[in-house]
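Here's the structure, in structure tokens; my notes come after.
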Amino acid sequence: MDQLIGVFDLFRIGLGPSSSHTVGPMRAANRFVESRRGVRAARVEVTLFGSLAWTGKGHGTEVAVMAGLAGMRPETASPDAVHRLPAEIAAAGVLDLPGIGPLPFDAARDILFDRTTPTPEHPNTLRLRLLGGDGAVVTEETWFSVGGGFVVREGEADVPGTAAPLRYPFRTADELLALCAAHGLTIAELQFANECTLREPAAVRAHIAAVADAMDACIERGLAQGGELPGGLKVRRRAATLAARIEEKRRRNIGAATEAMDRASLWAIAVNEENAAGGRVVTAPTNGAAGVIPAVLRYWRTFHPGAGQEGVEAFLLSAAAVGALAKTNASISGAEVGCQGEVGVACAMAAAGLAAALGASPMQVENAAEIGLEHHLGMTCDPIGGLVQIPCIERNAFGAIKAINAASLAMAGDGTHHVSLDQVIATMRQTGLDMHDKYKETSQGGLAVHVTNC
């Protein structure tokens with residue numbers, strides 16, 4: 001037996017702005033309510049600890065928890081319905097928990113931000129309680145939002161993915177490459193075979209197509225929007241203006257030398273502006289890094305003739321294999337390892353995917369991923385105001401450009417190189433352990449304190 005982490009885990013259609021601070025808490029709250037149907041209670045109380053307490057306001061954690069308690073799920077909830085919910089609850093003074101019933105609710109009283117209690121098991125911790133009329137605890141659960149929308153209930157093993165008798169089990173990149181060599185498979189073919197131990201091939205292909213379509217749709221929505229992003233930083237959306245400037249440069253027959261780079265940056269920015277606004281995005285592998293893979297995938301489709309669905313599958317399957325290695329052996333959570341685990345891993349996944357779509361060998365794909373991640377090592381997660389805006393949006397643009405460059409460099413060689421992907425992932429994990437908490441999604445250090453929040 002082994003654990004499958006694949007395209008269904010790493011590419012989830014959900015809501016912004018954060019997979020760990022929005023999607024995860026919504027999913028945990030929803031599962032708590034689902035497991036408590038029929039319980040009689042007078043109140044519900046949620047306490048946020050650690051990073052969820054420090055940056056929960058900016059990441060929309062309160063709203064996500066209310067939505068989850070109300071029965072909404074990130075993969076199906078309407079962004080507009082989620083955004084309306086707090087005002088509706090405030091007006092009614094009641095939150096209706098499916099299977100439990102309407103309970104009096106005041107967000108200021110019933111969602112608590114505890115920034116002092118230690119969180120040794122995980123920095124993204126939340127506790128959910130149902131209380132009786134006398135204030136006594138009827139039932140409670142503690143959950144951990146471990147990155148990428150993954151959640152773990154206290155007492156359960158933090159084993160990512162789904163248990164399955166995989167055809168080609170691997171835990172390291174070295175094992176993955178050995179399997180590819182032994183069986184004459186590409187990384188995408190091997191990953192696809194493992195995916196098919198749980199689902200029919202048609203279902204896997206349908207999910208990949210739906211993910212690619214959702215990524216494209218998010219880019220288009222981002223390109224069409226204007227105005228300011230929510231949250232108080234007064235950050236204006238730039239994607240539409242940037243797109244217009246690129247078109248103007250084309251009309252004037254200038255800028256051809258940088259057009260591919262300009263457009264890749266543009267597409268990443270479009271996605272992450274949508275994410276910052278709480279729109280529909282694909283977690284890839286997190287929301288804070290959601291723009292890198294869609295931008296590089298669009299780059300490949302736009303600038304490489306012959307790009308088709310077979311290449312899309314090779315791209316996302318190879319990317320998933322790399323993301324699984326990072327998730328299994330380190331982390332994709334900014335609260336655990338900083339942004340090296342978010343944009344850094346997204347860059348590695350995108351680089352691997354692009355190389356695979358361009359016909360690279362398994363060794364070249366692994367090399368592309370290694371280059372992409374190596375040059376994000378040590379990157380902190382220090383969002384200004386706790387919002388997934390500065391530096392997050394531009395950081396995705398740079399992650400996309402680095403991914404394209406990493407794939408190009410890897411394909412210029414034969415796949416042999418001095419530093420392995422396994423070594424870089426291990427380094428990322430150790431760097432995250434050594435990194436001070438103030439640089440890991442708490443907004444207590446870095447840009448978050450050295451730039452005026454206004």
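The values are calculated or read from the model by the stated rules, or taken from the named source; none is laboratory data. Quantities reported herein were computed from a predicted structural model and do not represent experimental measurements. Note: ideal-geometry Cβ built from the backbone for every residue, glycine included; neighbour counts use all protein chains shown.
Of the residues 353, 378, 341, which single one is surrounded by fewer than 23 Cβ atoms within 10 Å (Cβ to Cβ), assigned by TED's automatic domain parsing to the domain that holds residue 270 and either of a type in the set (Gly, Ala, Ser) or touching an Asp or Glu at 6+ places or on another chain (Cβ under 6 Å) (or both)? Break it down stepwise before answering.
Numbers: 353 fails: surrounded by fewer than 23 Cβ atoms within 10 Å (Cβ to Cβ); 341 fails: surrounded by fewer than 23 Cβ atoms within 10 Å (Cβ to Cβ).
Step by step, each of 353, 378, 341 is checked, and only 378 is surrounded by fewer than 23 Cβ atoms within 10 Å (Cβ to Cβ), assigned by TED's automatic domain parsing to the domain that holds residue 270 and either of a type in the set (Gly, Ala, Ser) or touching an Asp or Glu at 6+ places or on another chain (Cβ under 6 Å) (or both).
Among the residues of the range 388-418, which ones are in a loop (DSSP other than H, G, I, E, B) and over 21 Å from the mean Cα position of the chain (by Cα)? First the steps, then the outcome.
The first filter runs over the range 388-418 and keeps only residues in a loop (DSSP other than H, G, I, E, B), leaving 388-391, 412-418.
Within the range 388-418, 412, 413, 414, 415, 416, 417, 418 qualify.
Under 7 Å between Cβ atoms, at least 6 apart or on separate chains: pull out the pairs that start in the range 99-112 with a residue that is under 22 Å from residue 48 (Cα atoms) and end on any residue that is of a type in the set (Ser, Thr, Tyr) and surrounded by 13 or more Cβ atoms within 10 Å (Cβ to Cβ).
112/47
When residues of the range 434-449 are filtered for being under 13 Å from residue 377 (Cβ atoms) and assigned to a helix (DSSP H, G or I), how many remain? First the steps, then the outcome.
Step one: of the range 434-449, the residues under 13 Å from residue 377 (Cβ atoms) are 434-435.
Right, trim to assigned to a helix (DSSP H, G or I) and you get 434.
Total meeting the criteria: 1.
Only one of these conditions is not met by residue 410: (1) surrounded by fewer than 24 Cβ atoms within 10 Å (Cβ to Cβ); (2) without any contact (Cβ under 8 Å) to a residue 60 or more places away in the chain. Which number is it?
Among (1) surrounded by fewer than 24 Cβ atoms within 10 Å (Cβ to Cβ); (2) without any contact (Cβ under 8 Å) to a residue 60 or more places away in the chain, residue 410 violates only (1).
Restricting attention to the range 190-219, which residues are over 30 Å from residue 277 (Cα atoms) and either among the basic types (Lys, Arg) or crowded, with 19+ Cβ neighbours inside 10 Å (or both)?
Just the residues of the range 190-219 that are over 30 Å from residue 277 (Cα atoms), to begin with: 190-203.
If the condition is that a residue be over 30 Å from residue 277 (Cα atoms) and either among the basic types (Lys, Arg) or crowded, with 19+ Cβ neighbours inside 10 Å (or both), then 190, 191, 192, 194, 195, 199 are the ones that fit.
Name, by its number, the condition in (1) of a type outside the set (Val, Ile, Thr); (2) surrounded by fewer than 23 Cβ atoms within 10 Å (Cβ to Cβ); (3) modelled with pLDDT of 95 or more that does not hold for residue 239.
(2)
For the range 323-340, indicate whether the set of residues that are within 14 Å of the chain's Cα centre (by Cα) and among the acidic types (Asp, Glu) is non-empty.
yes
Out of the range 117-164, which residues are among the polar types (S, T, N, Q), farther than 25 Å from residue 75 by Cα and at pLDDT 95 or above?
Filtering the range 117-164 for residues among the polar types (S, T, N, Q) gives 117, 119, 124-125, 139, 142, 145, 162.
From what's left, farther than 25 Å from residue 75 by Cα: 117, 119, 139.
Answer for the range 117-164, where residues must be among the polar types (S, T, N, Q), farther than 25 Å from residue 75 by Cα and at pLDDT 95 or above: 117, 139.
Filter the range 42-77 down to the residues that are among the polar types (S, T, N, Q) and in a helix (DSSP H, G or I), then identify the one that is nearest to residue 12 (Cα to Cα).
61
Please go through the range 273-317 and give me each residue that is in contact with a Pro (Cβ under 9 Å, 6 or more places away or on another chain) and assigned to a helix (DSSP H, G or I), ordered by number.
Residues of the range 273-317 that are in contact with a Pro (Cβ under 9 Å, 6 or more places away or on another chain), as a first pass: 275-284, 287-288, 293.
Passing the criteria: 275, 276, 293.
Confirm whether residue 197 is among the hydroxyl-bearing types (Ser, Thr, Tyr) and in a helix (DSSP H, G or I).
On the way: among the hydroxyl-bearing types (Ser, Thr, Tyr): yes; in a helix (DSSP H, G or I): no.
Judged against the criteria, residue 197 is not a match.
Are any of the residues in the range 356-366 surrounded by fewer than 21 Cβ atoms within 10 Å (Cβ to Cβ) and assigned to a helix (DSSP H, G or I)?
yes
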